[in-house]
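The values are calculated or read from the model by the stated rules, or taken from the named source; none is laboratory data. Computed from a predicted structure; not experimentally measured. Positions of Cβ are generated from backbone atoms using ideal geometry, with glycine treated the same way; all protein chains shown enter the neighbour counts. All accessible areas refer to the heavy atoms of the entire protein, side chains included, with ligands and DNA or RNA removed. Shrake-Rupley method; radii C 1.70, N 1.55, O 1.52, S 1.80 Å.
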Amino acid sequence: MAPQTPEPVGFGTRLADRSTPLRLFSLTPPREATAPEDLSRIADVTIERLQPLGLDALVLYDIEDESDRNPDVRPFPFVRSLDPATFHADHLGGWQQPVIIYRSVGKYEPADLKSWLAEQDPGQVATVLVGASSQHSAVRTKLAEAQSLWQDTGSQLPLGSVAIPERHARRTDEHDRMLGKQAVGTSFFVTQVVYDLTWAKDLVSDYAYACQERGVEPAHLVFTLSVCGSLKTLEFLQWLGVHVPRWMQNQLEHSDDPLTDSYEQCATAAAELATFCQRLGVPFGFNVESVSNRRVEIEASVRLAGAIRDLLEG
């Protein structure tokens with residue numbers, strides 16, 4: 001029998017419970033040009049697919065082209081998506097659990113962003129504020145300014161930030177960035193897709209001990225996991241900046257069934273990261289997404305979210 005959908009619990013309430021791992025599922029809203037009747041159908045299918053998972057929140061991404069960050073040809077062409085806040089407000093009325101809405105703050109005028117932050121119900125909506133993809137990006141609002149706007153609205157909306165193990169591997173200061181964001185109100189972090197467990201553990205370890213040294217309680221660190229069902233998806237993950245270890249890349253490139261291999265790697269990663277975070281006393285969680293819009297990869301992502309639910313509840 002499918003698990004019962006839990007009664008809605010505000011995301012801020014869930015964050016206050018540091019003993020229970022967070023379970024999220026992410027998706028990118030439909031294309032901007034999608035017909036209204038198709039938007040309703042997509043929303044209904046999404047809710048039906050995800051409701052049995054008993055998620056703590058649904059994550060809606062606010063995507064950008066990012067070609068200024070990576071000049072290489074984008075493996076999947078960039079297509080403008082519907083604004084995540086619009087998709088949530090107009091089409092996801094049937095979703096009863098909280099929603100975490102990403103805001104790529106550089107796209108928005110400060111006044112518009114502040115109005116949106118002030119209008120949200122903090123019991124049902126949280127946000128992750130994301131800065132420009134590169135220092136060369138033209139922006140309307142900088143990340144620090146967006147954080148100040150959030151504070152100006154009363155700081156009631158649960159605020160999240162991005163954590164990047166790959167950046168930590170290069171600069172070894174991501175834990176300091178996290179503590180800086182925490183100091184201005186961040187109460188949870190979501191990583192980009194994790195395939196390199198060593199780099200993810202390095203970040204957790206440095207963050208945990210830095211918190212200990214400074215007398216700060218660590219915030220929830222949510223690891224994003226994504227299956228990879230084709231070489232095209234592997235190429236896209238790498239274009240996005242995800243580090244796939246050489247042995248894993250070889251395995252996926254030579255596998256007869258890369259989707260199954262990557263699924264098993266993600267499940268293994270979840271178990272290992274859960275144990276590691278518990279040992280260090282860092283509250284954690286998992287966010288499952290599919291970077292591909294292929295149905296087989298989306299369905300595998302849903303299965304992975306179910307497997308992680310069973311792992312954490314077992």
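Quick one: accessible surface of residue 107, probe radius 1.4 Å, all protein chains present, in square angstrom to the nearest 10.
Roll a 1.4 Å probe over it and residue 107 shows about 70 Å².
Please give the FRET efficiency for residue 294 paired with residue 86, using the beta carbon to beta carbon distance and R0 = 30 Å, rounded to the nearest 0.05.
Plugging the Cβ-Cβ distance into 1/(1 + (r/R0)^6) gives 0.75.
Step through the table entries 107/201; 142/181; 114/142; 181/201; 142/232, compare each Cα-Cα distance with 24 Å, and write down the pairs that go over it.
107/201; 142/232
Highest mean first, how do 185-194, 294-303 rank when packing is the count of other Cβ atoms within 10 Å averaged over residues?
Going from most to least packed, we get 185-194, 294-303.
If ligands, DNA and RNA are left out, what is the accessible area of residue 41 with a 1.4 Å probe, given in Å² to the nearest 10?
Looks like 130 Å² after rounding.
How much accessible surface does residue 91 have with a 1.4 Å probe, in Å² rounded to 10?
Surface accessible to solvent at residue 91 totals approximately 40 Å².
List the relative contact order of the range 140-221 as a percent without decimals, with contacts defined as Cα pairs under 8 Å and 6+ residues apart.
Contact order relative to length: 32 percent.
With θ set to phi - 60°, apply the Karplus curve 6.51 cos²θ - 1.76 cosθ + 1.60 along the range 187-196 and write out the HN-Hα couplings as whole Hz, x wherever there is a Gly or Pro.
For the range 187-196, the Karplus-derived couplings read 10, 7, 10, 10, 7, 6, 4, 9, 10, 9 Hz, x marking Gly and Pro.
Calculate the FRET efficiency for residue 214 and residue 48 from the Cβ-Cβ distance with a Förster distance of 41 Å, rounded to the nearest 0.05.
Working from the Cβ atoms, E equals 0.35.
Using a simple spin-label model with points 7 Å from Cα along the Cα→Cβ vector, what separation in nm is obtained for residue 271 and residue 138?
Going by the 7 Å Cα→Cβ label model, 5.1 nm.
Suppose all protein chains stay in the model; what accessible area per residue would a 1.4 Å probe give for the range 33-149, in Å²?
Heavy-atom accessible area per residue stands at 48 Å².
Let me make sure I get this right: for the range 173-314, a, b and c are the square roots of the gyration tensor eigenvalues over alpha carbons, sorted descending. Under 1.5 in a/c it's rounded, otherwise prolate if a/b > b/c, else oblate. Which is it?
prolate
Comparing 182, 96, 251, which has the greatest mean-square fluctuation in the GNM of the chain with Cα pairs linked when under 10 Å apart?
Ranking 182, 96, 251 by mean-square fluctuation puts 251 first.
Figure the gain on full extension for residue 156 and residue 173 (residue separation times 0.36 nm, minus the Cα-Cα span) and round it to one decimal in nm.
Difference between extended and current length: 3.3 nm.
Run the simple label-point estimate for residue 13 and residue 72 please: 7 Å along Cα→C-beta, distance reported in nm.
My value for the distance between the label points is 4.5 nm.
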